[in-house]
Amino acid sequence: MGNIQNWLKIFTGIILLGIILPAGVYAETEESVAVSKHAERETSIELYDVEKRMKRFAFDSGFHFEYPDAVRGIYVTGNSAGGSKFEDLLNLVETTDLNAMVIDIKEDHGNLTFKPDEDSPYADIAENYISDPEAMMKVLEENEIYPIARIVVFKDSVLAKERPDLSFTENGKVWVNNRGEAFVNPFEKEVWEYNVEIAKLAVELGFQEIQFDYVRFPEGFEKKDESLSYTHGDYEDLDMNNIKKRVEAVTDFVAYAREELSTYGVDVSVDIFGYAATLEETPGIGQNFSRISDNVDIISSMIYPSHWTSYFDIEKPDTEPYRLVTEYAKVENEVLGALDSPPVSRPWLQDFEAPWLYSGPAKQYGKAEVEAQIRALYENGIDEFLLWNASNVYTENVDYLIGKE
């Protein structure tokens, strides 16, 4: 983890544009963190490597990709992208009307899925899942497969454990949810910079779109708000309650990311809970559907039928994929229709089973269930979609244009 710490330390004697930065050293004790916190906030990726960052504005990856008629894509893990399964996934896309891949670049634990330059501040968080990113991008280019880089933002056990002061703590320890996952604090702009700079690395690889996932506080945060220790950064003195502050921070991150990436000629998309479209704002996680949509090129609602309760008067949504997606699409169309410049809608669809919902055999998701979701989108004027299966095993013989006029 040495390079993360180097990135986050203050470098004695650095002079940038006539400004001399103070020196400081990071230590993992709570007391020293408190003493050095203000100084550490002065540090950012931009100061760490200004020269390289400026070169990126003229960076040309050498790859050329055309935006498809409409994106129809699948999720691909770093392991799959760099392993033997990649050939199977390529074949799936090449032999169907699919045309895009969403590939993990910063995955759910907080690691990169490829090795950057040795002098990169991210070298020590990198796994060698994709051993030859350039070769992978060449294959995608040759096969006209649109590449989207997935960056998991605020769920980040790696950074949280390395920098507890950028996370949420409980009784002096980094807090984790019931799945053992730690989050970093959306109020902290250091965390914003950390993730957006990773997004720029993905652009350098040749990705045409950056998809930010886990752009939120932990689920159920409104129940943990008062018991966890964390900072509010620049949001401390805002005259609003904590729910509103969370919405401000999440929205501001998205706006910041889009602005930072605007000179790179790539699209910015955000994954968001589907139920966020049905509420003014989510009380715990800080997602406001309309405000996030106002700041992205593409909005990708996760509308897996298995992830809904009895919304839309559907008692068991997992068993009625067509009806669930139809009812959701009506709501989303109304919400996005109220915006002056709505983003492209590209929902995540379910291509997996949900055994946790059943005491007996789970409803199987096959050709009929996947096609039902796709048809419901098309019938409601939504032409793009992504398929999620965590294991990257997708249903065969699906008509991905079913019901499309």
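Just so it is clear, none of the values below were taken in a lab; they were calculated from the coordinates. If you're wondering where the values come from, they're calculated on a predicted model, not measured in any experiment. Cβ placement follows ideal geometry from the backbone for every residue including glycine, while neighbour counts extend to all protein chains displayed.
Just a few scattered comments:
- Extension gain, residue 97 to residue 313, is 74.4 nm, computed as 0.36 nm per intervening residue step minus the present C-alpha separation.
- Think of it as helices only: each DSSP H run of n ≥ 4 in the chain is worth -39500 (n - 2.57), and spread over all residues that comes to -10000 deg cm²/dmol at 222 nm.
- Taking GluC sites (Glu not before Pro) across segment 315-358, the ones in a DSSP loop with at most 11 further Cβ atoms lying within 10 angstrom of their Cβ are 315.
- In percent, rounded to a whole number, the relative contact order of segment 63-145 is 35, using alpha-carbon pairs under 8 Å and six or more apart.
- Least to most buried among 308, 356, 348 (fewest other Cβ within 10 Å first): 356, 308, 348
- Relative contact order (percent, whole number), the chain, Cα cutoff 8 Å, 6+ residue spacing: 13
- Nearest-0.05 FRET efficiency for residue 84 and residue 402, computed from C-beta distance (R0 30 Å): 0.50
- Extension gain, residue 259-residue 61: 0.36 nm per intervening residue step, less the Cα-Cα distance, totals 69.3 nm.
- Percent of alpha-carbon pairs separated by more than 33 Å within the chain: 33
- Volume per residue of the C-alpha convex hull in segment 258-405, rounded to whole Å³: 141
- Here is the P(r) of segment 209-320: all C-alpha pair distances, binned every 10 Å from 0, give 13, 40, 32, 13, 2 in whole percents.
- Residues of segment 83-116 with amide N under 17 Å of the 7 Å Cα→Cβ point at residue 142: 83-95
- Nearest 10 degrees, 0 to 90: helix 30-41 Cα axis against the chain principal axis: 80
- Taking 0.36 nm per residue of separation and subtracting the Cα-Cα distance, full extension of the segment from residue 341 to residue 280 would add 20.1 nm.
- Ranked list, fewest to most other Cβ atoms within 10 Å of each Cβ, for 240, 137, 302: 240, 302, 137
- Sites residue 330 and residue 240 - FRET efficiency at Förster radius 45 Å, r taken between beta-carbons, to 0.05: 0.90
- At q = 0.15 Å⁻¹ the log10 of I(q)/I(0) for segment 62-302 amounts to -1.04, computed by Debye summation with a single uniform scatterer per C-alpha, solvent ignored.
- Arranged from fewest to most other beta-carbon atoms within 10 Å of their beta carbon, 156, 69, 313 become 313, 69, 156.
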